[in-house]
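Take a look at the structure below.
The values are calculated or read from the model by the stated rules, or taken from the named source; none is laboratory data. Predicted model, so just to flag it, every value in this text is computed and none were measured. As a convention, Cβ positions derive from the backbone with ideal geometry for all residues, glycine included, and neighbour counts pool all protein chains shown. With ligands, DNA and RNA removed, areas are computed over all heavy atoms of the protein, side chains included. Shrake-Rupley method; radii C 1.70, N 1.55, O 1.52, S 1.80 Å.
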Amino acid sequence: MNNSTLNMTNNKKENIPPVAVAHNAKKGLEFRDKFKRGRTEVGIKRAQQLSNREQIDEATIKKMYSYFARHQVDKRGQNFGNEENPSNGYIAWLLWGGDAGKEWSKQVREALADMQQKTGK
């Protein structure tokens, strides 16, 4: 995934969301405001972090990965992906970074697991 960051600087992991993830989260916030749906505090907080391209900690990466695994079924719902009348599930999906967020959280989670396996940490 382009523009993703998983760097080791002074033994500190940096996980900065890619631009596409930030864009999707911002779109989710805009849809939330426009359609008055997608109001969970966790989803809103996540969207704010992602849209601001804040560093995302390892625990949050794992939560993102789990969110997408649980909510993959939402993509089969009516109006998922509909820009004019989006489903609640679509708005929530975007708040968590959309398809780009799903792929990014998977890649970072795998990279972190590999790093932990190699370092024993």
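Annotations for the structure displayed:
- The residue that is most open to solvent (accessible area, probe 1.4 Å), counting only those in the stretch 25-41 that are closer than 18 Å to Lys102 by Cβ and at pLDDT below 95, is Thr40.
- Subset of the stretch 42-76 that is surrounded by 15 or more Cβ atoms within 10 Å (Cβ to Cβ) and among the small types (Gly, Ala, Ser) - its residue that is modelled with the lowest pLDDT: Gly43
- Listed conditions (1) under 20 Å from Val19 (Cβ atoms); (2) crowded, with 16+ Cβ neighbours inside 10 Å are all met by Ala111, apart from (2).
- Any chance Arg109 is within 15 Å of the chain's Cα centre (by Cα) and not acidic (Asp, Glu): yes
- Residues that are on the phi > 0 side of the Ramachandran plot and of a type in the set (Gly, Ala, Ser), drawn from the stretch 78-121: Gly81, Gly97, Gly98, Gly120
- Qualifying residue in the stretch 71-78 (condition: aliphatic (A, V, I, L, M) and either in contact (Cβ under 8 Å) with a residue 24 or more places away in the chain or under 20 Å from Lys26 (Cβ atoms) (or both)): no
- Looking only at the stretch 85-101, and only at residues there that are surrounded by fewer than 22 Cβ atoms within 10 Å (Cβ to Cβ) and out of contact with any Lys or Arg (no Cβ under 8 Å at 6 or more places or on another chain), the one that is farthest from Leu50 (Cα to Cα): Asn85
- Filter result for Thr60 (under 22 Å from Lys27 (Cα atoms) and out of contact with any Pro (no Cβ under 7 Å at 6 or more places or on another chain)): yes
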